[in-house]
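To keep things clear, I will list the structure first and then write my remarks on it.
No value in this document is a laboratory result; all are computed from the given coordinates. In this text the structure is predicted, and so the values were computed from the model without any measurement. Cβ atoms come from the backbone with ideal geometry, glycine included; neighbour counts cover every protein chain shown.
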Amino acid sequence: MASSKEYLDFILEQLSELEDITYRAMMGEYIIYYKGKIVGGIYDDRLLVKPVSAAIKYMPDAQYELPYEGAKEMLLIDEVDNKEFLTGLFNAMYDELPMPKAKKRK
């Protein structure tokens, strides 16, 4: 099941306090970027983030879920209705997220 544009728009509104939130559509789902780094994504209308230690500390009871078959587990965010929670989570995670890999020239 692909994610809906309406759910993406809802999540983007919830993250509107943060600057430089972008996304990229990929195979019916959406990858979420914060200041150029991949934070997580929207998969089957669920917001999932990378399980970096800051996210685990911020959400110690979060469930691990697979975004799609064959992928690494990610943390499910239950509190998508709480803008302050999401803003704090993304800010806490930012320093631990890897820089994007440079694209190879052909």
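For the reader, a short list of remarks on this structure follows.
- Whichever residue in the stretch 48-88 is under 18 Å from residue 12 (Cβ atoms) and among the β-branched types (Val, Ile, Thr) and, among such residues, is surrounded by the most Cβ atoms within 10 Å (Cβ to Cβ): 49
- Looking across the stretch 60-92, the residues that are in contact with a strand residue (DSSP E or B) (Cβ under 6 Å, 6 or more places away or on another chain) and more than 17 Å from residue 7 (Cβ to Cβ) come down to 62, 63, 73, 75, 90.
- Residue within the stretch 49-56 that is farther than 26 Å from residue 6 by Cα and assigned to a loop (DSSP other than H, G, I, E, B) present: yes
- Residue 7 falls short of the stated requirement of being in contact with a strand residue (DSSP E or B) (Cβ under 8 Å, 6 or more places away or on another chain) and within 17 Å of residue 74 (Cα to Cα).
- Residue that is nearest to residue 43 (Cα to Cα), among those in the stretch 66-106 that are aromatic (Phe, Trp, Tyr) and part of a helix (DSSP H, G or I): 90
- Meets criteria (outside any helix (DSSP H, G or I), surrounded by fewer than 17 Cβ atoms within 10 Å (Cβ to Cβ) and touching a Lys or Arg at 6+ places or on another chain (Cβ under 7 Å)) for residue 17: yes
- Screening residue 29 with (1) acidic (Asp, Glu); (2) surrounded by 15 or more Cβ atoms within 10 Å (Cβ to Cβ); (3) at positive phi gives one miss only, at (3).
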